[in-house]
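The values are calculated or read from the model by the stated rules, or taken from the named source; none is laboratory data. Since the structure is predicted, the reported quantities are computational estimates derived from the model, not experimental observations. For neighbour counting, all protein chains shown are included, and Cβ atoms are generated from backbone atoms with ideal geometry for every residue, glycine included.
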Amino acid sequence: MTEVANPLQVARLLDGRALAAQIRSELTASICQRQAAGLPQPGLAVILVGDDPASQVYVQHKIRACAEIGVQSFCHRLPADTCQADLLALIRQLNADAVVHGILLQLPLPAGLDGRALLQEIAPHKDVDGFHPQNLGLLAAGLPDLRPCTPKGCMRLLDYAGVDCRGQQALVIGASAIVGRPMALELLRAEATVTIAHKATRDLPALVAQADILVVATGVPGLIKGEWIKPGAVVMDVGINRLADGRLVGDVDFAGASQRAAWISPVPGGVGPMTIACLLENTLQAIDQAVAHRPGTAAHR
Ligand code: GUN
């Protein structure tokens, strides 16, 4: 991890960009080996509905990352007025398609679509986002299979920095189904003492002051002030917010928090690249599961 020269900044950077590059190069090697052994190329289907600008950028990054490591991608860009029935039909078609090993439905969806019902339709063994209730349930039971990518990426960052979560006070701010909740389950699995804060939480600064490990996923730029941070804490900022002047910032006051934390993830270049690296990793995990689910194989019968 990168040492920082600025004397005001005591925190070391959780350099997601560097770690993600390392993971991608390991995955590339593994795909080359598969190819040499005559095994099928991994395939990821991405469904993007509507024209949310941030989603367009995220999907572009995902598709580019697939190409870089040798995963075949199938991008389905659909208009914002696509109906629920057409999306369900597309998901069912992708579930049955043998060249598609992973399916990703980019969120958020345009108003009027029932995302929950659509996510439940994705075959759990192709659910590379780990959002299907079966996969979330397995994580909750402490028996993870395909794990949500952002929380998995955060755990990788902790691991890389040599942080042992056992017995630490961990605070997750934001209780979304795709980040906050699975993040809390990941930290619990790592034997941290976990608190989840959300919109109704009282006295957030007091909770932050006690946290050895802090994960912030609220979408509110600069919500967490530097002076709230416990000295020596590990801070992971999941927020990616575009300000009016075009700058990308996280949910944490980076400059202030850097003067107190031991480790901090930057925005951009922290958690974001790890989410994509873990998506690629999940796609490779899914290809092995696809074999087990193919009609005619022992596991399918
Ligand atoms: N929107 C924001 N993050 C994610 C993610 O990790 N997966 C999907 N499918 N949509 C998202």
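A few comments on the model shown:
- When the residues of the stretch 152-177 are filtered to those that are touching a Cys at 6+ places or on another chain (Cβ under 9 Å) and in contact (Cβ under 8 Å) with a residue 40 or more places away in the chain, the one that is surrounded by the most Cβ atoms within 10 Å (Cβ to Cβ) is 153.
- Identity of the residue in the stretch 51-74, closer than 17 Å to residue 277 by Cβ and of a type in the set (Ser, Thr, Tyr), that ends up nearest to the ligand (Cβ to nearest atom): 58
- Tally of residues being under 20 Å from residue 132 (Cβ atoms) and either among the hydrophobic types (A, V, I, L, M, F, W, C) or within 14 Å of the ligand (Cβ to nearest atom) (or both) across the stretch 93-102: 5
- Residues of the stretch 94-126 satisfying the condition of being closer than 18 Å to residue 150 by Cβ, β-branched (Val, Ile, Thr) and out of contact with any Lys or Arg (no Cβ under 7 Å at 6 or more places or on another chain): 122
- Residue 99 meets the stated requirement of being closer than 29 Å to residue 74 by Cβ, surrounded by fewer than 18 Cβ atoms within 10 Å (Cβ to Cβ) and among the β-branched types (Val, Ile, Thr).
- Some residue of the stretch 241-257 being under 29 Å from residue 143 (Cβ atoms), modelled with pLDDT of 95 or more and surrounded by fewer than 22 Cβ atoms within 10 Å (Cβ to Cβ): no
- Enumeration of residues in the stretch 185-240 that are over 16 Å from residue 254 (Cβ atoms), surrounded by fewer than 16 Cβ atoms within 10 Å (Cβ to Cβ) and of a type in the set (D, E, K, R): 191, 199, 202, 203
- All positions within the stretch 201-239 that are under 19 Å from residue 155 (Cβ atoms) and within 19 Å of the chain's Cα centre (by Cα): 213, 214, 215, 216, 217, 234, 235, 236, 237, 238, 239
- Among the residues making up the stretch 244-266, those that are under 21 Å from residue 179 (Cβ atoms) and free of Cβ contacts under 8 Å to residues at least 40 places away in the same chain are 248, 249, 250, 252, 253, 254.
- Of the residues screened, residue 204 is not one that is within 30 Å of residue 99 (Cα to Cα), more than 16 Å from the ligand (Cβ to nearest atom) and among the aliphatic types (A, V, I, L, M).
- Evaluation of residue 293 against the conditions (1) modelled with pLDDT under 95; (2) under 26 Å from residue 54 (Cα atoms) shows that the sole unmet condition is (2).
- Close pairs from the stretch 73-90: first within 15 Å of residue 112 (Cα to Cα), partner modelled with pLDDT of 95 or more and surrounded by fewer than 16 Cβ atoms within 10 Å (Cβ to Cβ), Cβ under 7 Å, at least 6 apart: 80/51; 80/110; 84/114
- Criterion (within 16 Å of the ligand (Cβ to nearest atom), under 30 Å from residue 214 (Cβ atoms) and modelled with pLDDT of 95 or more) met by exactly one of 78, 105, 143, 90: 105
- If the condition is being surrounded by fewer than 21 Cβ atoms within 10 Å (Cβ to Cβ), among the hydrophobic types (A, V, I, L, M, F, W, C) and under 20 Å from residue 279 (Cα atoms), then the stretch 115-151 contributes 118, 123, 138, 140, 143.
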